[in-house]
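Have a look at the structure below, then the notes.
Coordinate-derived values only; no laboratory data. Treat the numbers as computed from the prediction; the structure is a model and nothing was measured. Note that each Cβ is placed from the backbone with ideal geometry, even for glycine, and that neighbours are counted across all protein chains shown.
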Amino acid sequence: MAAGKDPINGDDYVHESPFAKLLDMRVTDPEDGTSTVYMPINSNHLQLAGRVQGGIVVALADYSFFRAVKPLLQPGEATTTIELKLNFLAPAIEGVLTANTKIVSSGERAIVGETEVKDQDGTLIAQSLGTYLRIQPRTGT
């Protein structure tokens, strides 16, 4: 989990991964199958019309989903997104986006989760439903 007292304003904040650093996504997970990821919007996130580019919102939702899945994996297990459906409901322009994910179902092979992405005013920007596949460690040769 990331270090720092405040994921938005904390001076000692450390990004959890190179990908998170690239998009400035900041994690505060309780490690219980839920996730909250913050992303302060900056000019690199915007498309020409001045709104956050849709792929950035998808990446935020998918990353929050992964962070919720991570504590559910067994040692040596990996995972990959096999399906992600996202509805865009409002434009994001400035401030901070927050993605909140909860796991709906965690089976032997598939994990299903729901994510809401909201802006700093609580406006629902996007909602997604996704599926991750558990990848078992290889055994033998």
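Counted by neighbouring Cβ atoms within 10 Å, the residues Ser106, Ser128, Ser35, Ser17 run from fewest to most as Ser17, Ser106, Ser128, Ser35. Every helix of 4 or more DSSP H residues in the chain counts as -39500 (n - 2.57), and over all residues that averages to -4500 deg cm²/dmol at 222 nm.
Taken about its Cα centre, the chain carries a charge dipole of roughly 420 debye when the Cβ of each Lys and Arg holds +1 and the Cβ of each Asp and Glu holds -1. Rounded to the nearest 10 degrees, the inclination of helix 54-69 to the longest alpha-carbon principal axis of the chain is 40 degrees. Compactness of region 16-120 is given as radius of gyration and Dmax, 13.9, 45 Å, from Cα positions. Of Leu60, Leu129, Leu97, the sequence from fewest to most neighbouring Cβ atoms within 10 angstrom is Leu129, Leu97, Leu60.
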